[in-house]
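Q: Pasting in a structure now, in structure tokens, and then I'll have a few things to ask.
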Amino acid sequence: MMNNLIQLLDVVALVVDLPQYNLWRGQVGTVVEVLANGAAFEVEFSDRNGRTYESLGLPPEQIMVLHFEPVHPSDIAEMVPA
């Protein structure tokens, strides 16, 4: 994952299991802070009632941004690491 694509308030999903936090690949969270100039991101995981059950600093390799609208083909090249 490229750091410059992840932004504050992005909705993201885990791409790895983090059993020590009871978090599993596919769980969805929100980026609430950009850390170390984009080297990591504070991601908040909340239940259906909006209560936070975990908040972690994660490297960009452990999360992916979820897209709720079609992605333009010219943007795909930017998303795929070389």
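Q: Does residue 12 fit the bill of being open to solvent by 50 Å² or more (accessible area, probe 1.4 Å) and among the aliphatic types (A, V, I, L, M)? Full working, then the answer.
A: Numbers: open to solvent by 50 Å² or more (accessible area, probe 1.4 Å): no; among the aliphatic types (A, V, I, L, M): yes.
It is false that residue 12 is open to solvent by 50 Å² or more (accessible area, probe 1.4 Å) and among the aliphatic types (A, V, I, L, M).
Q: Of (1) modelled with pLDDT of 95 or more; (2) outside any strand (DSSP E or B), residue 56 satisfies all except one. Which?
A: Residue 56 satisfies all of (1) modelled with pLDDT of 95 or more; (2) outside any strand (DSSP E or B) except (2).
Q: Which one is farthest from residue 8 (Cα to Cα) among residues in segment 42-73 that are open to solvent by less than 80 Å² (accessible area, probe 1.4 Å) and charged (D, E, K, R)?
A: By that ranking, first place goes to 47.
Q: In segment 59-72, how many residues are closer than 15 Å to residue 44 by Cα and either touching a Ser or Thr at 6+ places or on another chain (Cβ under 9 Å) or in contact (Cβ under 8 Å) with a residue 40 or more places away in the chain (or both)?
A: Start the filter on segment 59-72 by keeping residues that are closer than 15 Å to residue 44 by Cα, which leaves 59-60, 62-66.
Next cut, either touching a Ser or Thr at 6+ places or on another chain (Cβ under 9 Å) or in contact (Cβ under 8 Å) with a residue 40 or more places away in the chain (or both) only: 60, 62-66.
Residues meeting the conditions: 6.
Q: Then there's this: Just one of the numbered conditions (1) of a type in the set (Asp, Glu); (2) in contact with a helix residue (DSSP H, G or I) (Cβ under 7 Å, 6 or more places away or on another chain); (3) farther than 18 Å from residue 17 by Cα is not true of residue 54; which one?
A: Looking at each condition in turn, residue 54 falls short on (3).
Q: Follow-up question, since we're still on this one. Quick test of your reading of the structure: residue 76 fulfils all but one of (1) under 16 Å from residue 12 (Cα atoms); (2) at pLDDT below 95. Name the failing condition by number.
A: (1)
Q: Sticking with this structure for a sec: For segment 22-41, give me each residue that is over 14 Å from residue 60 (Cβ atoms) and surrounded by 15 or more Cβ atoms within 10 Å (Cβ to Cβ). Reasoning before the result, please.
A: If we filter segment 22-41 for residues that are over 14 Å from residue 60 (Cβ atoms), which is where we start, we get 22-28, 30, 32.
If the condition is that a residue be over 14 Å from residue 60 (Cβ atoms) and surrounded by 15 or more Cβ atoms within 10 Å (Cβ to Cβ), then 23, 27, 30 are the ones that fit.
The values are calculated or read from the model by the stated rules, or taken from the named source; none is laboratory data. Note that this is a predicted model, so its numbers are computed, not measured. Heads up, the Cβs are rebuilt from the backbone with ideal geometry, glycines too, and the neighbour counts pull from every protein chain shown. Side chains are part of the model used for accessible areas, which takes the heavy atoms of the whole protein and leaves out ligands, DNA and RNA. Shrake-Rupley method; radii C 1.70, N 1.55, O 1.52, S 1.80 Å.
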